[in-house]
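First up is the structure itself, then whatever we jot down about it.
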Amino acid sequence: MSIETAVHENEVQDTQLITADAAAKLIDEGALLIDVRSEGGRASTGAVPGAVVVNREHVDEDFSPESAHRLAQVTGTDQKIVVFCGSVNGSRPVAQKLKILGYANTVHVDGGFPALRDAGVPTTGPTAPPAEAAPSAASTQASTDSVASER
C-alpha cells in the first residue's frame, strides 16, 4: 500500500460524526440534508421535509461530478452535506463514499432520524401504522374471557 493510499483511507475513516444539535445548526445554515433510509423506514418513523432521499446503492451516480444523473441539489464538492439514517451504521458508509468522491464537508448524524427529531428539526409522519399494532378487539375479548374463566 502506498503512503498516498494509506493517508486517503485514514481521511475517509475520519468521517465526522456530529450531534443532532450540531446537524440542526448546519441544516439551518443551508447544508444539504441527505436521508438514506428505506421507504419503509421513512413511512414507519417519519421524514424531514426538504431532505433529499438517496438510495445507498446510487451514491456514485447521484453525486459524482461526472455523472449525467447527478442530483440537481448538489452544487459542488465544497457543499456542506449532512447525512442521516436510522443509525450511524447506515449513514457512515454513505458519508465515507461522499468523502471519497471529494465532498470534504460531509458529516453524519449520531442517533440518526430520531435524534434529529428530538433536536427540534421539523419532521412529518409517520405515514404507516407501527409494526406492532394494538391487539384486536377479538383477541382482547378472548383474553378477558380466559381471565373470567379462571375465577
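The values are calculated or read from the model by the stated rules, or taken from the named source; none is laboratory data. As the structure is a prediction and not an experimental result, all values here were calculated from the model. No Cβ is skipped: glycine too gets one built from the backbone with ideal geometry, and neighbour counts run over all protein chains shown. Surface areas here come from the heavy atoms of the whole protein model, side chains and all, with no ligands, DNA or RNA. Shrake-Rupley method; radii C 1.70, N 1.55, O 1.52, S 1.80 Å.
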Self-check item: Inter-label distance for residue 127 and residue 53, nm, one decimal - labels placed 7 Å from Cα along Cα-to-Cβ
Solution: 0.6
Self-check item: Accessible-area order (highest first, 1.4 angstrom probe) of the listed residues 39, 61
Solution: 39, 61
Quiz item: Once Rh is set to the Kirkwood radius over Cα pairs, what Stokes-Einstein translational diffusion coefficient, in µm²/s, holds for the range 58-136 at a temperature of 10 °C and a viscosity of 1.306 mPa s?
Solution: 110
Quiz item: Taking the highest mean first, how do the peptides 46-53, 80-87 order by number of other beta carbon atoms within 10 angstrom per residue?
Solution: 80-87, 46-53
Quiz item: Under a 1.4 angstrom probe, counting protein chains only, how are 56, 42 ranked by accessible area, largest first?
Solution: 56, 42
Exercise. Evaluate the distance, in nm, between pseudo-label points positioned 7 Å from the Cα of residue 25 and of residue 43 along their respective Cα→Cβ axes.
Key: 3.8
